[in-house]
Each structure stands twice: as C-alpha cells, then as structure tokens.
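Throughout, read-outs are computed from the coordinates displayed, never taken from laboratory work. Values in this document were obtained by computation on a predicted structure and should not be read as measured data. Counting neighbours? That spans all protein chains shown, and the Cβs are built from the backbone with ideal geometry, glycine included.
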Amino acid sequence: MIPILSDCAKAAGFELAAPQLEQFRQYADLLVEWNKKMNLTAITEPGEIITKHFIDSLYGLPYLPNGGTLIDVGTGAGFPGIPLKIARPDLSLTLLDSLNKRLTFLNEVIRELALPDVKTVHTRAEEGAVKKSPLREKFDVATSRAVAQLNALAEYCLPYVKVGGVFLAYKGGDVEEECKNAKNAVKTLGGDIRDIVSYTIPTTDITHTLVVIEKIKETADIYPRQQGKISKKPL
C-alpha cells in the first residue's frame, strides 16, 4: 500500500515522508477494522481508500497557512482533516461531527497515530458556531466534504472562519451552476468565492473540485440559522 500511496501523492504534487506514509497505512488499517462494526465508509478496498479518501483530501494543502488552525466540519471518518494533519503536522486540527461513535473512532486514530494538537468536538455543524460560541470565527481554515449544496454548506462552515481565512469546500466534478446559485449565500455570510480548482485524482478518471472561499468580513450574528431553516430556506 505504501508504494502506491507514495506514487499517487507524488503524481498529485505532494511529497510524503516515510513516517507519514506509515501513519496513512495505520489509518487505513483502522478504517477497515472499525468499519466492520460501524458504518464509516463504503470504500474499503485499499487502492480506493488511497485515491478517493487520502489523495483527494490532500488537494487542500496549498491553502493551509504555516502553523494554522483548521476545523473539519462534519468530518465523518476524518476526511479531509486527518490526511491534511498527517501531511502538515504543524496544523492545529479540530474535528467536528454530530455522531459520537464517529468521534470514538477518530479519537482512536489520533491515539494510534500519535497526532499532536488534535481535538474532537461533538456537536451539530450549525450549533457549533452560533453567537458567543468559542469556536465562532476562530479558525484560519474550515474544510468540509459534506454532500450538502454549497449555499447550505457555506452557512454551516463560514461562521467558523476568521476574517482573512478560507473555507475549502470539497465538491464533485461539475459545480459551475452550484457555485452560481451559492453566490448570494456566500456574500451574505461574509465570504467571496476566490477560486474553483478542478483536479483529476491520479490513477483514476475521477475529477473533483475544490471551491476556495475567502472570509472577507464577519458573519452576521443571525447566522448560522437552525438546521431546518438552512435546508428548507437556503440563502
């Protein structure tokens, strides 16, 4: 597994040292083992774990500041947060998820991989960044690979980002219409879509997109709204 991961990472433009490659191997083993007792991922074949989870996650690396703070919103099995942390040990990482059993798995990953400066937070995305929350507008970068439409995803994630920081939305291949429909929401929440980066994952024909949203002003106190309003009446 390690040679394939190393080759794929290099093809994508990312160099991983031997200790990092070993951490990824441990992570994959834990993912497959724990997936037998809880539903973490539908992807369990080693090659697909490498490409669809690990390498895909690494495309956010160019946007991470040195020694920066990162929150992965709706992290699930830890993507993209943990791969980014393995590749960039200097990051301070917060993994946020609404399902406690996922966080039990992630805490085991953190322990087994001996990842420093990582914490897990058990809360819903829209509840973690409300007015006066200690997490509100505290992070240089927020990430999410959630399946929500970008206008809803922006309301979940942008309130965590400090002014001058960025929200990285990992999306599928064709997002032009989705980005167009999200412009009002992004602007309302204090953001600006600065880049839309398409990439093809090495050794696959899978094309994904990274939407880079800069936080240019503070988010109004009324956002994020309750989950029902976000989904039924998106900005």
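Some observations on this one:
- Nearby lysines by direct alpha-carbon distance to Lys52 (threshold 23 angstrom, same-chain neighbours under 8 apart not counted): Lys10, Lys36, Lys37, Lys85, Lys101, Lys171
- Remark: His122, His208, His53 ranked as His122, His208, His53, counting other beta-carbon atoms within 10 Å and listing the fewest first.
- Couplings 3J(HN,Hα) of region 14-21, computed from phi: 10, 9, 10, 6, 4, x, 5, 4 Hz, in residue order, whole Hz [Karplus 6.51 cos²θ - 1.76 cosθ + 1.60, θ = phi - 60°; x for Gly and Pro].
- Efficiency of FRET between Ile222 and Thr123 - r from beta-carbon atoms, R0 22 angstrom, step 0.05: 0.70
- Positive-end ranking of Phe24, Ile43, Phe79 along the dipole of the chain, with charges on Cβ about the Cα centre, is headed by Phe79.
- Remark: spin-label model distance Lys37-Val163 equals 4.8 nm, labels positioned 7 Å along the Cα→Cβ axis.
- When each of Cys157, Cys179, Cys8 is scored by the number of other beta-carbon atoms lying within 10 Å, the sequence from fewest to most is Cys179, Cys8, Cys157.
- Sequence-ordered 3J(HN,Hα) estimates for region 160-172 from the Karplus curve with 6.51, -1.76 and 1.60 and θ = phi - 60° stand at 7, 8, 6, 4, x, x, 9, 10, 9, 9, 7, 10, x Hz, glycine and proline given as x.
- Label selected from (i) 16.8, 49; (ii) 18.4, 60; (iii) 29.4, 93, the criterion being Rg and Dmax of the Cα atoms in Å as computed here: (i)
- Of Lys187/Lys233; Lys132/Lys217; Lys119/Lys217; Lys183/Lys215; Lys119/Lys232; Lys183/Lys232, pairs whose Cα-Cα distance is over 20 Å: Lys119/Lys217; Lys119/Lys232
- Expected 222 nm ellipticity per residue - DSSP helices of 4 or more, -39500 (n - 2.57), all of the chain, to 500: -10000 deg cm²/dmol
- Whole-Hz Karplus values for region 149-156 come out as 4, 4, 5, 6, 4, 5, 5, 5 Hz, taken residue by residue from phi with 6.51 cos²θ - 1.76 cosθ + 1.60 and θ = phi - 60°; glycine and proline positions read x.
- Relative exposure of Arg225, Arg102, Arg88, judged by other C-beta atoms within 10 Å (fewest first): Arg225, Arg88, Arg102
- Overall form of region 49-155 per C-alpha gyration tensor (a/c, 1.5; a/b vs b/c): rounded
- Set of aspartates and glutamates with alpha-carbon distance to Lys229 below 20 Å, sequence-local pairs under 8 removed: Asp97, Glu126, Glu127, Glu155, Glu178, Asp221
- Taking the Cα centre of region 91-171 as reference, the dipole from Cβ charges on Lys and Arg (+1) and Asp and Glu (-1) amounts to some 140 debye.
- Net dipole in debye of the chain [+1 Lys, Arg Cβ; -1 Asp, Glu Cβ; about Cα centre; nearest 20]: 960 debye
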